[in-house]
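Undergrad: Please read through the structure below; I'll follow up with questions.
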Amino acid sequence: MPLTSLKQALPILLATLMLGVALGWFAGRAAPPPDPRTDEVLRHLEGQQALLEALPARLAAQAASQQVRCAVASSSGAGVDAAELRAELARLREESGGTARSEPPRKPEPSPQAVAAQRQGHQLIEDATRSGQWRAEDAQALRQLLIDMNDAQRDEVTQRLVVQLNEGKLKTLVRGPIF
């Protein structure tokens, strides 16, 4: 009996085998050929992985070899306390004849032209705030006024403009720089 069942199963077994071979062949034909750049990319990725894995050890070795030194040291090599620094500062003041100034130099007063430009800048921003719009003409006018102002005045006027814009009191209609 087993021989007859084998004879009956043989065609099914052969058909399954042939179907498997055919499907394998068609699947192989349908797949795109391997890209030679893939191997190159994989090699580069492996190299990067090796570098990344070695990085913590390199950083640890580098950190261990560097020493942090105090920027201020006494002649004995020990740390410096505040009293020692005060004494050194007093000695240097005496050597300079007391001409060392403890206060920064005064900034020169702005010129009348700079004061007028600052006032006009504030007026320009105030007028624009009333209308609620910052136009290209306003930006050009402020740009011209900023030329005559010193740095502090320029900062004050531009800060006022930016605050007005940020608070929503002014809507910018300018494409590009606002001043």
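Undergrad: Within the set of other residues whose C-beta is less than 9 Å from the C-beta of Gly132, count the net charge using Lys and Arg as +1 and Asp and Glu as -1.
TA: Details: positive: Arg130, Lys169, Lys171; negative: none.
After counting each charged neighbour, the total is +3.
Undergrad: Hey, another quick one. What is the angle, in °, between the Cα long axis of helix 82-95 and the longest principal axis of the Cα atoms in the chain? Nearest 10 is fine, range 0 to 90.
TA: It works out to around 50 degrees.
Undergrad: Mean residue ellipticity at 222 nm from the helices of the chain, using -39,500 (n - 2.57) per DSSP H segment of n ≥ 4 over the full residue count, to the nearest 500 deg cm²/dmol? Before the final figure, lay out each step's value.
TA: Details: 6 runs with 122 residues, N = 179.
So the calculated ellipticity at 222 nm is -23500 deg cm²/dmol.
Undergrad: Another question, then. On a full-extension model of 0.36 nm per residue, what is the gain between Ala83 and Ser96, subtracting their alpha-carbon distance, rounded to one decimal in nm?
TA: Numbers: separation 13, 0.36 × 13 = 4.68 nm, distance 2.02 nm.
Result: 2.7 nm gained on full extension.
Undergrad: Please arrange Arg93, Arg58, Arg154, Arg106 by accessible surface area, largest first, computed with a 1.4 Å probe and ligands excluded.
TA: Working: Arg93 120, Arg58 155, Arg154 75, Arg106 210 Å².
These residues rank, largest area first, as Arg106, Arg58, Arg93, Arg154.
Undergrad: Let me ask something else. Largest first and in whole Å, what are the equivalent-ellipsoid semi-axes of region 104-160 based on the Cα gyration tensor, each being the root of 5 times an eigenvalue?
TA: Numbers: eigenvalues 111, 22, 17 Å².
For region 104-160, the ellipsoid semi-axes come out as 24, 10, 9 Å.
Undergrad: Then there's this: How much of the accessible area of the chain, probe 1.4 Å, is carbon plus sulfur, in whole percent?
TA: Whole-percent figure for carbon plus sulfur exposure: 60.
Undergrad: Considering Cα pairs under 8 angstrom that are at least six residues apart, work out the relative contact order of the chain and quote it in whole percent.
TA: Numbers: 74 pairs, mean separation 29.1, N = 179.
The normalised contact order for the chain reaches 16 percent.
The values are calculated or read from the model by the stated rules, or taken from the named source; none is laboratory data. Nothing here was measured: the structure is a model prediction, and the numbers come from that model. Cβ atoms come from the backbone with ideal geometry, glycine included; neighbour counts cover every protein chain shown. We work out accessible area using only protein heavy atoms, side chains counted, and drop any ligands, DNA or RNA first. Shrake-Rupley method; radii C 1.70, N 1.55, O 1.52, S 1.80 Å.
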